[in-house]
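The values are calculated or read from the model by the stated rules, or taken from the named source; none is laboratory data. Everything quoted here is computed from the prediction, not taken from an experiment. Here the Cβ positions follow ideal geometry from the backbone for every residue, glycine too, while neighbour counts run over all protein chains shown. Surface accessibility is based on the protein's heavy atoms, side chains included, excluding ligands, DNA and RNA. Shrake-Rupley method; radii C 1.70, N 1.55, O 1.52, S 1.80 Å.
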Amino acid sequence: MKDRTGIILYCEEQKRLLLIRRRFKEKEHWIVPSGSVHSGESYEDAAKRKAMKELNIYIQAMMDFCTINIGRHIEKYFISYLDSCIILKMHGELNLSSRENIYEPVWAYAEKLPFTPLYPQYLKDKLIEISQK
């Protein structure tokens, strides 16, 4: 397993965050835009690359959010605060979408996170924590 990174896009005005709805053969879960870190690439650059590749959005400012240690591998997440919930469409993963395999960006209300099958669980717990402040 490679090291991974992800970006949390949080719309403060509406208390929403961008999640990717993933459904594969009737099984559904939600994730933040994320992916592997390439050799020689920083976690920050990889998170920005994933936002651009998946959603065609350039991230100007972001902060460390949390780090998850999984054995010898690391998952590092960043957060970027946005003024508004801009309309986004899947870009790079769009060619993977089909009737049985859905990638869909959704602005989810933070208050509904406890009822959302968001993975990984540690990230979900941290997001619930900040949304309740």
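Could you tell me which residue of region 41-76 is most open to solvent (accessible area, probe 1.4 Å), considering only residues that are aromatic (Phe, Trp, Tyr) and more than 11 Å from Arg4 (Cα to Cα)? Looking at the filtered set, the residue picked out is Tyr58. Among the residues of region 102-132, just one is open to solvent by less than 30 Å² (accessible area, probe 1.4 Å) and of a type in the set (Lys, Arg), namely Lys124. Among the residues of region 77-94, the ones that are open to solvent by less than 40 Å² (accessible area, probe 1.4 Å) and either among the basic types (Lys, Arg) or at pLDDT below 85 (or both) come to 5 in all.
Residues in region 15-53 that are in contact with a helix residue (DSSP H, G or I) (Cβ under 9 Å, 6 or more places away or on another chain), within 27 Å of Asp83 (Cβ to Cβ) and not in a strand (DSSP E or B): Lys15, Val32, Pro33. If you check Lys2 against the conditions, is it of a type in the set (D, E, K, R), closer than 21 Å to Gln121 by Cα and open to solvent by less than 20 Å² (accessible area, probe 1.4 Å)? The answer is no for Lys2.
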